[in-house]
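> Dropping the structure in here first, questions after.
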Amino acid sequence: MIKTAKSPWAWIPTLYVAEGLPYFAVNTLTVLMYTNMSVSLAEMTFYTAWLYLPWVIKPFWSPFVDLFGTKRGWIVTMQLLLGISMAAVGLLLPAPFFFTATLAVFWLMAFCSATHDIAADGYYMLALDPHQQAAFVGVRSTFYRIASVIGQGGLVMLAGYLEKCMNSIPAAWSVVFYTLSAFFLLITLYHSIFLPRSDRDHPVPDVTARTIVRDFCMTFVTFFRKPHIVSALLFMLLYRLPEAMCLKLTQPFMLAPLDKGGLGLSTAQVGFANGTVGVIALLAGGILGGLAIARDGLKRWLWPMALALTLPCLFYCGLAMFQPDNYALICAAVGIEQFGYGFGFTAFMLYLIYFSQGPSSTSHYAFCTAFMALGMMVPGMFAGWIHDVLEQYNITGLSGAQGYVNFFWWVMLCCVATFAVCLRLHIDPAFGRKSNKEIKE
């Protein structure tokens, strides 16, 4: 029962925009910002990849959020800390030691963001009855996606515009993070007023740190005793290997000048291509993938989706080899690659749900998402180093800088890992598929 009669429309949209923005600030804006501020690719990819860690280990501390305070209190507190940390990034960017200092703050921001995710998703379940949860699941997803467009598109384009107007990269990105900080301080105030207080939102009774550790260990053991655990873990870690490699270097590739093997785009152009065209195509691919699996089942679509996720990486090979100056062509290539990734990623997420079925499904799903994040973190750490190593060789026989050309062909080689883990996967043919009666209806 909820003590206040506030409509879910008063807080669900803002809550899920606030959940998405820090994630994209930590994992997308950092890549562009550090690249523009002349941090080397090897350093940038290695250290920013470590920022995934809070999402990797989230299952280990999420049960402890239940022990102290309320989910509502956690949400407001984390949003306040996020606002303060974003202001700290803006303050530190002009400093000569900006890289070390801002990385430390981004670590704090990442942990706050991951904790906010735990509290927000838990609060959603407590503040709404089952009917409302089902009715608003599309709303929360939509506004998280809006946060994706803002974080990867709008804020990047704002940074690009400010870089030109202010003629100072640190000052421009400082304004971006001050803007984010102002938003989070305002959203903290807003949610302190408009988030309903639920009778069910309180520390879990009769639960102690000891019982949490005991239950966690039992869940951990049952997870690793599930049938086909080895093939499942390999799938979680390696299915997205090509995209995990690509992700850290696609934006630096677009920004790099032509004589360095890049496309020579401005920050604003990268923001529109990746954060607007790319995100919209990604969402469209995901929606179509969901419809396909709903009709024919996950097993039927696994291989088409694996091919959709991997083969469009060839577009980056083409962009690197021919370095076109046609911006519309570049946007189209990014859109196709992201559409394929969205379509192929659907199989991955549905498999996590499939593998988590049974007792302790919620906890097992949390473990699956942790391995999912680990599968993105580790390859990303070494992407810049691999680029630098491959830059020394002329594999294609083309003139000019070879780093990005060789790197994207290396990404294509990584597709072998995706195909290999699909070969060993065990899936019930009926999972995700509508019955004949449902299809006729």
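> Please find, among 23, 47, 52, the residue that is under 12 Å from the mean Cα position of the chain (by Cα) and open to solvent by 20 Å² or more (accessible area, probe 1.4 Å).
On inspection, the qualifying residue turns out to be 23.
> Select, from 300, 225, the only residue that is touching a residue at least 12 places away in the same chain (Cβ under 8 Å) and surrounded by fewer than 21 Cβ atoms within 10 Å (Cβ to Cβ).
300
> Kindly evaluate residue 184 against the criterion of being in a helix (DSSP H, G or I), under 19 Å from the mean Cα position of the chain (by Cα) and aromatic (Phe, Trp, Tyr).
The answer is no for residue 184.
> Of the numbered conditions (1) farther than 30 Å from residue 317 by Cβ; (2) modelled with pLDDT under 90; (3) open to solvent by 20 Å² or more (accessible area, probe 1.4 Å); (4) assigned to a helix (DSSP H, G or I), residue 212 satisfies every one except a single condition; which is it?
(3)
> Please name all residue pairs, on different chains or six or more residues apart, with Cβ atoms under 7 Å, provided the first residue is in region 43-62 and is free of Cβ contacts under 8 Å to residues at least 60 places away in the same chain and the second residue is of a type in the set (Ser, Thr, Tyr).
Pairs that qualify, where the first residue is free of Cβ contacts under 8 Å to residues at least 60 places away in the same chain and the partner is of a type in the set (Ser, Thr, Tyr), are 51/30.
> Moving on. Among the helices (runs of 4 or more DSSP H) lying completely within region 313-413, list those that include at least 1 residues that are in contact with a His (Cβ under 8 Å, 6 or more places away or on another chain) and either among the β-branched types (Val, Ile, Thr) or open to solvent by 30 Å² or more (accessible area, probe 1.4 Å) (or both).
In region 313-413, there are no helices (runs of 4 or more DSSP H) which contain 1 or more residues that are in contact with a His (Cβ under 8 Å, 6 or more places away or on another chain) and either among the β-branched types (Val, Ile, Thr) or open to solvent by 30 Å² or more (accessible area, probe 1.4 Å) (or both).
The values are calculated or read from the model by the stated rules, or taken from the named source; none is laboratory data. All values reported here derive from a predicted model rather than from experimental measurement. With ideal geometry, Cβ positions are generated from the backbone for all residues, glycine too; neighbour counts draw on all protein chains shown. Ligands, DNA and RNA are excluded from the accessible area calculation, which covers all protein heavy atoms including side chains. Shrake-Rupley method; radii C 1.70, N 1.55, O 1.52, S 1.80 Å.
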